[in-house]
Amino acid sequence: MFGKKRSEETFDESNPAFSMIADFDGNESGLFDSTLDDVLPVLPLRNMVLFPTVVMPVTVGRKSSLKLVQSASADGKQIAVFCQKDPDVENPGLNDLYSVGVLAKIIRVFDMPDQTTTVVLQGLQRIKLKSIINNQPYLIGSAELFPEVLPPTRSKEFKAIVDSCKDAAIKYTKLSDNAQPDAAFALKNISNGLFLINFICANLPFDIKDKARLLREGTCSSRALSLLSLLNREIQLAELKMSIQRRTHEDIDKQQKEYFLQQELKNIQDELGGSVQDQDIEEMRLKAGQKKWTDDVRKTFDKELLKLERTNSQSPDYNVQLSYLGESQGAHPGTPGRDEAAR
């Protein structure tokens, strides 16, 4: 899946059935006709924002959350789902949760082979958290409906925005490093515009603050426009990243090629009895051994000879250095040349 996995109360990216997440259970009109109980079980989620109409699996780990799921599932109760501001808070309270969440129903509960519990949730409609009444045996709070303005039926503008979001999301999944191979397939097969927008908001790896802001949008059209802006931003960043990686890779390839060719040339020269540069240096060294120089002069000559060894034989500096050393060797025995003493 798109999201990054946390150990508890988070999106279950281990489930490969991407199409299941895009599925819809129930009557579309019934999603926005819910009534609220005076108090509701509150399920805090780490690093995940559930959206209306979206069906998602959540791995539940906290003992209090397990009790909530077991109780609500047995009684057929709806629950309030809110994302934590800080995923590291173990026992979140009112101020630790984003104020806008969703009313949700539990579709399935699975006891997994690794001893974890996965609950499949379906978001119904938005709600605002008013208060936390109790935190035992799990969070219980009161909320109010936070309805959003649905797009007009057959709105050409909304359809155009939805189509743009779909194209951008598919493009992003192809650029993203962590996209599943079946992600684009799932996106192409969601025909309902409202479901598609909420599905993309819930699944793409945006920052949690961005997702919370998308959920707070007052109308579906404004959410779709904000989503399109985020998608374009992520696409630009992904393309920039790929461009940088490509240029860096090309530079490395060029360096590796030059190094390989230099090594091959050196091997060939060794087979032929050494390179011209090696011969020049060896000749200089033999001539220097015959000179009756002072220690200072010989030290200076050795230093300049070492510089010649480190200079590329194809460089103009190589011939300059070679000529300088040749002139210094031509000086009268025991008396260094003017340039030689200066260097």
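Any read-out appearing in this document is the output of simple, stated calculations on the displayed coordinates, not a laboratory observation. Source: prediction; values computed, not measured. Virtual Cβ from ideal backbone geometry, glycine too; neighbours counted across all protein chains shown.
Applying the Karplus relation 6.51 cos²θ - 1.76 cosθ + 1.60 with θ = phi - 60° to segment 307-312 yields 3J(HN,Hα) values of 4, 5, 4, 8, 8, 4 Hz, where x marks Gly and Pro. Arranged from fewest to most other beta-carbon atoms within 10 Å of their beta carbon, Tyr138, Tyr259 become Tyr259, Tyr138.
Cross-link reach is defined here as a Cα-Cα straight distance under 26 Å, omitting same-chain residues fewer than 8 places apart; for Lys156 the lysines meeting it are Lys166, Lys171, Lys188, Lys211.
With K and R counted +1 and D and E -1, the other residues having a Cβ less than 12 Å from that of Arg213 yield a net charge of +1.
Based on the alpha-carbon gyration tensor of segment 10-239 and its eigenvalue square roots a ≥ b ≥ c, which shape applies: rounded if a/c is under 1.5, prolate if not and a/b is larger than b/c, or oblate? Prolate, since a/c reaches 1.5 and a/b exceeds b/c.
So if I take the centroid of the Cα atoms in segment 41-69 and the same for segment 94-156, what is the distance between those two points in Å? For segment 41-69 versus segment 94-156, the Cα centre distance is 8 Å.
Annotation for Lys128 and Asn267: the two label points, set 7 Å from Cα along the Cα-Cβ direction, are 7.4 nm apart.
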